[in-house]
Amino acid sequence: MSDTDWLVLVVEDEAPIRRFLKAALGAQRFKLVEATTGTQAIAMAASHNPDIILLDLGLPDIDGLEVIRRIRAWSHTPIIVISARGKDTEKVDGLDAGADDYLAKPFSVEELSARMRVAIRHLTRSRIGKEGPVFQTGDLKVDLARRMVWVAGQEIHLTPIEFKLLAVLVRHSGKVTTQRQLLKEVWGHGSDEQAHYLRNYIHHLRHKLEADPARPVYLSTEPGVGYRLRYKE
Ligand code: CA
(Lines give C-alpha, C1' and ligand atoms only; values in the text may rest on other atoms or scores of the structure.)
Protein backbone atom coordinates (compact mmCIF):
# COMPACT_ATOMS: atom_id res chain seq x y z
CA MET A 1 0.00 0.00 0.00
CA SER A 2 1.14 3.56 -0.59
CA ASP A 3 1.96 6.11 2.08
CA THR A 4 -0.85 8.45 1.07
CA ASP A 5 -4.37 8.24 2.41
CA TRP A 6 -7.05 6.34 0.51
CA LEU A 7 -9.74 8.47 -1.05
CA VAL A 8 -13.23 7.22 -0.18
CA LEU A 9 -16.40 8.36 -1.93
CA VAL A 10 -19.30 8.06 0.52
CA VAL A 11 -22.70 7.98 -1.18
CA GLU A 12 -25.35 8.38 1.48
CA ASP A 13 -28.37 10.66 1.82
CA GLU A 14 -28.65 10.37 5.60
CA ALA A 15 -26.53 13.01 7.35
CA PRO A 16 -26.10 11.09 10.66
CA ILE A 17 -24.58 8.12 8.80
CA ARG A 18 -22.26 10.41 6.82
CA ARG A 19 -21.13 12.01 10.09
CA PHE A 20 -20.57 8.58 11.64
CA LEU A 21 -18.47 7.43 8.67
CA LYS A 22 -16.49 10.67 8.62
CA ALA A 23 -15.62 10.40 12.32
CA ALA A 24 -14.87 6.68 12.12
CA LEU A 25 -12.85 6.56 8.89
CA GLY A 26 -11.27 10.01 9.14
CA ALA A 27 -9.38 8.76 12.19
CA GLN A 28 -7.80 6.06 10.01
CA ARG A 29 -5.97 6.40 6.71
CA PHE A 30 -9.04 7.40 4.75
CA LYS A 31 -9.93 10.77 3.28
CA LEU A 32 -13.63 11.20 2.54
CA VAL A 33 -15.60 12.97 -0.17
CA GLU A 34 -19.38 12.84 -0.04
CA ALA A 35 -22.31 12.54 -2.41
CA THR A 36 -25.95 12.58 -1.33
CA THR A 37 -27.64 11.51 -4.58
CA GLY A 38 -27.01 8.87 -7.26
CA THR A 39 -26.44 11.46 -9.97
CA GLN A 40 -23.87 13.27 -7.83
CA ALA A 41 -22.22 9.90 -7.03
CA ILE A 42 -21.73 9.02 -10.71
CA ALA A 43 -20.32 12.49 -11.45
CA MET A 44 -17.95 12.38 -8.46
CA ALA A 45 -16.77 8.84 -9.23
CA ALA A 46 -15.53 10.30 -12.54
CA SER A 47 -14.23 13.66 -11.29
CA HIS A 48 -12.50 12.44 -8.08
CA ASN A 49 -11.43 8.94 -9.13
CA PRO A 50 -11.77 7.55 -5.58
CA ASP A 51 -9.91 4.42 -4.38
CA ILE A 52 -13.13 2.97 -3.02
CA ILE A 53 -16.86 3.79 -2.99
CA LEU A 54 -19.24 3.19 -0.07
CA LEU A 55 -22.73 3.19 -1.47
CA ASP A 56 -26.13 3.32 0.22
CA LEU A 57 -28.71 1.63 -2.02
CA GLY A 58 -31.67 3.76 -0.97
CA LEU A 59 -30.98 7.10 -2.64
CA PRO A 60 -33.47 9.92 -3.29
CA ASP A 61 -33.07 10.12 -7.08
CA ILE A 62 -31.91 6.96 -8.86
CA ASP A 63 -31.66 3.44 -7.45
CA GLY A 64 -28.32 2.40 -5.95
CA LEU A 65 -28.21 -0.66 -8.23
CA GLU A 66 -28.37 1.62 -11.26
CA VAL A 67 -25.52 3.69 -9.78
CA ILE A 68 -23.40 0.50 -9.52
CA ARG A 69 -24.15 -0.51 -13.12
CA ARG A 70 -23.33 2.96 -14.48
CA ILE A 71 -20.03 3.21 -12.58
CA ARG A 72 -19.10 -0.38 -13.54
CA ALA A 73 -19.53 0.47 -17.20
CA TRP A 74 -16.16 2.24 -17.09
CA SER A 75 -14.56 1.80 -13.66
CA HIS A 76 -13.11 -1.06 -11.55
CA THR A 77 -13.08 1.03 -8.36
CA PRO A 78 -14.19 -1.25 -5.49
CA ILE A 79 -17.78 -0.60 -4.41
CA ILE A 80 -19.07 -1.67 -0.99
CA VAL A 81 -22.82 -1.50 -0.61
CA ILE A 82 -24.09 -0.21 2.70
CA SER A 83 -27.60 -1.45 2.97
CA ALA A 84 -30.32 -0.69 5.46
CA ARG A 85 -32.68 -2.90 3.57
CA GLY A 86 -31.17 -6.11 4.90
CA LYS A 87 -32.95 -8.16 2.26
CA ASP A 88 -30.91 -11.01 0.83
CA THR A 89 -32.20 -10.51 -2.71
CA GLU A 90 -30.99 -6.91 -2.69
CA LYS A 91 -27.54 -7.90 -1.45
CA VAL A 92 -27.39 -10.46 -4.27
CA ASP A 93 -28.59 -7.90 -6.82
CA GLY A 94 -25.94 -5.44 -5.60
CA LEU A 95 -23.15 -8.01 -5.96
CA ASP A 96 -24.42 -9.21 -9.33
CA ALA A 97 -24.61 -5.59 -10.54
CA GLY A 98 -20.87 -5.34 -9.83
CA ALA A 99 -20.46 -4.38 -6.16
CA ASP A 100 -17.50 -6.00 -4.40
CA ASP A 101 -19.08 -6.51 -1.01
CA TYR A 102 -21.90 -5.32 1.21
CA LEU A 103 -22.50 -4.44 4.84
CA ALA A 104 -25.92 -4.33 6.43
CA LYS A 105 -26.63 -1.48 8.85
CA PRO A 106 -25.80 -1.39 11.69
CA PHE A 107 -22.16 -2.44 11.30
CA SER A 108 -19.01 -1.85 13.32
CA VAL A 109 -16.20 0.42 12.18
CA GLU A 110 -13.78 -2.51 12.50
CA GLU A 111 -15.90 -4.61 10.16
CA LEU A 112 -16.18 -1.79 7.64
CA SER A 113 -12.48 -0.94 7.58
CA ALA A 114 -11.54 -4.63 7.33
CA ARG A 115 -13.82 -5.05 4.29
CA MET A 116 -12.45 -1.86 2.74
CA ARG A 117 -8.85 -3.05 3.14
CA VAL A 118 -9.67 -6.40 1.50
CA ALA A 119 -11.37 -4.66 -1.45
CA ILE A 120 -8.52 -2.16 -1.93
CA ARG A 121 -5.85 -4.86 -1.61
CA HIS A 122 -7.59 -6.96 -4.28
CA LEU A 123 -7.60 -4.03 -6.66
CA THR A 124 -3.99 -3.05 -5.89
CA ARG A 125 -2.86 -6.62 -6.58
CA SER A 126 -4.71 -6.94 -9.84
CA ARG A 127 -3.38 -3.50 -10.92
CA ILE A 128 0.25 -4.29 -10.20
CA GLY A 129 -0.08 -7.97 -11.13
CA LYS A 130 1.26 -9.29 -7.84
CA GLU A 131 -1.48 -11.86 -7.29
CA GLY A 132 0.88 -14.80 -6.84
CA PRO A 133 -0.04 -18.31 -7.94
CA VAL A 134 0.12 -19.57 -4.34
CA PHE A 135 -2.64 -18.56 -1.94
CA GLN A 136 -2.42 -19.17 1.78
CA THR A 137 -4.86 -18.57 4.62
CA GLY A 138 -4.35 -20.24 7.99
CA ASP A 139 -3.38 -23.88 7.34
CA LEU A 140 -4.91 -23.90 3.85
CA LYS A 141 -2.54 -23.50 0.90
CA VAL A 142 -3.62 -23.49 -2.75
CA ASP A 143 -1.20 -23.47 -5.70
CA LEU A 144 -3.33 -22.26 -8.60
CA ALA A 145 -0.66 -22.84 -11.26
CA ARG A 146 0.21 -26.41 -10.21
CA ARG A 147 -3.38 -27.17 -9.14
CA MET A 148 -2.30 -28.46 -5.73
CA VAL A 149 -3.92 -28.02 -2.32
CA TRP A 150 -2.56 -28.60 1.18
CA VAL A 151 -4.07 -28.44 4.64
CA ALA A 152 -1.48 -28.21 7.44
CA GLY A 153 1.21 -29.43 5.02
CA GLN A 154 -0.81 -32.49 3.96
CA GLU A 155 -1.65 -32.66 0.26
CA ILE A 156 -5.40 -32.91 -0.43
CA HIS A 157 -6.76 -34.51 -3.58
CA LEU A 158 -9.60 -32.58 -5.22
CA THR A 159 -11.67 -33.51 -8.28
CA PRO A 160 -11.45 -31.07 -11.25
CA ILE A 161 -14.76 -29.39 -10.37
CA GLU A 162 -13.87 -29.12 -6.68
CA PHE A 163 -10.60 -27.47 -7.68
CA LYS A 164 -12.32 -25.11 -10.12
CA LEU A 165 -14.79 -24.04 -7.42
CA LEU A 166 -12.02 -23.52 -4.87
CA ALA A 167 -9.98 -21.52 -7.42
CA VAL A 168 -12.92 -19.15 -8.01
CA LEU A 169 -13.33 -18.67 -4.25
CA VAL A 170 -9.57 -18.03 -3.94
CA ARG A 171 -9.73 -15.35 -6.63
CA HIS A 172 -12.54 -13.65 -4.68
CA SER A 173 -11.06 -14.45 -1.25
CA GLY A 174 -12.26 -12.24 1.58
CA LYS A 175 -15.21 -11.11 -0.52
CA VAL A 176 -18.60 -12.72 -0.80
CA THR A 177 -19.33 -14.50 -4.08
CA THR A 178 -22.99 -15.03 -5.00
CA GLN A 179 -24.39 -18.44 -5.95
CA ARG A 180 -25.09 -17.12 -9.43
CA GLN A 181 -21.47 -15.97 -9.88
CA LEU A 182 -20.11 -19.33 -8.71
CA LEU A 183 -22.46 -21.34 -10.93
CA LYS A 184 -21.54 -19.16 -13.90
CA GLU A 185 -17.79 -19.34 -13.35
CA VAL A 186 -17.64 -23.06 -12.52
CA TRP A 187 -20.44 -24.57 -14.62
CA GLY A 188 -20.78 -21.84 -17.24
CA HIS A 189 -24.35 -20.84 -16.46
CA GLY A 190 -26.12 -19.14 -13.59
CA SER A 191 -29.39 -21.00 -13.53
CA ASP A 192 -30.94 -21.28 -10.08
CA GLU A 193 -31.99 -24.88 -10.82
CA GLN A 194 -28.33 -25.82 -10.54
CA ALA A 195 -27.98 -24.41 -7.02
CA HIS A 196 -27.95 -27.93 -5.57
CA TYR A 197 -24.72 -28.76 -7.53
CA LEU A 198 -23.09 -25.89 -5.72
CA ARG A 199 -24.36 -26.96 -2.28
CA ASN A 200 -23.07 -30.50 -2.91
CA TYR A 201 -19.63 -29.34 -4.00
CA ILE A 202 -19.30 -26.90 -1.09
CA HIS A 203 -20.20 -29.83 1.16
CA HIS A 204 -17.45 -31.99 -0.46
CA LEU A 205 -14.89 -29.20 -0.17
CA ARG A 206 -15.66 -28.65 3.50
CA HIS A 207 -15.23 -32.36 4.20
CA LYS A 208 -11.82 -32.28 2.53
CA LEU A 209 -10.55 -28.94 3.84
CA GLU A 210 -12.19 -28.23 7.19
CA ALA A 211 -11.20 -29.83 10.51
CA ASP A 212 -14.89 -29.70 11.47
CA PRO A 213 -17.10 -29.40 8.33
CA ALA A 214 -20.08 -28.42 10.50
CA ARG A 215 -18.12 -25.42 11.82
CA PRO A 216 -16.14 -24.25 8.81
CA VAL A 217 -13.33 -21.75 9.33
CA TYR A 218 -12.34 -21.29 5.66
CA LEU A 219 -15.54 -21.63 3.67
CA SER A 220 -18.29 -19.59 5.27
CA THR A 221 -21.89 -19.45 4.11
CA GLU A 222 -23.48 -16.03 3.64
CA PRO A 223 -27.11 -17.05 4.16
CA GLY A 224 -29.29 -16.39 1.14
CA VAL A 225 -26.40 -14.79 -0.76
CA GLY A 226 -23.44 -17.09 -1.40
CA TYR A 227 -20.07 -18.05 0.05
CA ARG A 228 -16.92 -16.38 1.30
CA LEU A 229 -13.43 -17.83 1.57
CA ARG A 230 -11.61 -16.50 4.62
CA TYR A 231 -8.75 -14.19 3.77
CA LYS A 232 -5.96 -13.60 6.22
CA GLU A 233 -2.30 -12.96 5.55
CA1 CA B 1 -30.71 6.11 2.21
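The values are calculated or read from the model by the stated rules, or taken from the named source; none is laboratory data. Remember, it's a predicted structure, so these values are computed and weren't measured experimentally. In this analysis, Cβ positions are derived from the backbone assuming ideal geometry, glycine residues included, and neighbour counts consider all displayed protein chains. Note: areas computed on protein heavy atoms with side chains; ligands, DNA, RNA excluded. Shrake-Rupley method; radii C 1.70, N 1.55, O 1.52, S 1.80 Å.
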- Task: Please work out which one of (1) within 27 Å of T89 (Cβ to Cβ); (2) open to solvent by 10 Å² or more (accessible area, probe 1.4 Å); (3) over 17 Å from the mean Cα position of the chain (by Cα) is the condition L205 fails and give its number.
- Result: (2)
- With the condition kept exactly as written, say whether any residue in region 88-98 is open to solvent by 10 Å² or more (accessible area, probe 1.4 Å), within 18 Å of H122 (Cβ to Cβ), assigned to a strand (DSSP E or B) and not hydroxyl-bearing (S, T, Y). no
- Message: Quick test of your reading of the structure: A114 fulfils all but one of (1) touching a strand residue (DSSP E or B) at 6+ places or on another chain (Cβ under 6 Å); (2) open to solvent by 10 Å² or more (accessible area, probe 1.4 Å). Name the failing condition by number.
- Response: (1)
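Condition first: in contact (Cβ under 8 Å) with a residue 24 or more places away in the chain, of a type in the set (F, W, Y) and either touching a strand residue (DSSP E or B) at 6+ places or on another chain (Cβ under 8 Å) or open to solvent by 70 Å² or more (accessible area, probe 1.4 Å) (or both). Can you find one or more residues in region 144-151 that meet it? Before the answer, list the steps.
Of region 144-151, the ones in contact (Cβ under 8 Å) with a residue 24 or more places away in the chain are 144, 149, 151.
Then keep just the ones that are of a type in the set (F, W, Y); that gives none.
Checking region 144-151: not a single residue is in contact (Cβ under 8 Å) with a residue 24 or more places away in the chain, of a type in the set (F, W, Y) and either touching a strand residue (DSSP E or B) at 6+ places or on another chain (Cβ under 8 Å) or open to solvent by 70 Å² or more (accessible area, probe 1.4 Å) (or both).
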- Message: Testing R171 on (1) farther than 20 Å from R117 by Cα; (2) open to solvent by 80 Å² or more (accessible area, probe 1.4 Å); (3) not aromatic (F, W, Y), one condition comes back false. Which one is that?
- Response: (1)
- What is the number of the single condition among (1) farther than 20 Å from T177 by Cα; (2) within 14 Å of the ligand (Cβ to nearest atom) that R70 does not meet? (2)
- Task: Tell me, yes or no, whether region 163-181 has at least one residue that is outside any helix (DSSP H, G or I), farther than 24 Å from A99 by Cβ and not β-branched (V, I, T).
- Result: no
- Item | Hits in region 175-185 - residues which are touching a residue at least 24 places away in the same chain (Cβ under 8 Å) and open to solvent by less than 10 Å² (accessible area, probe 1.4 Å) | V176, T177, T178, L182
- Task: Kindly provide the set of residues from region 4-15 that are within 16 Å of the ligand (Cβ to nearest atom) and touching a residue at least 40 places away in the same chain (Cβ under 8 Å), ordered by number.
- Result: L9, V10, V11, E12, D13, E14
- Message: Consider region 16-63. How many of its residues are within 16 Å of the ligand (Cβ to nearest atom), modelled with pLDDT under 95 and open to solvent by less than 20 Å² (accessible area, probe 1.4 Å)?
- Response: 3
- Unmet requirement for K31, which otherwise passes all of (1) farther than 29 Å from T221 by Cα; (2) in a loop (DSSP other than H, G, I, E, B): (2)
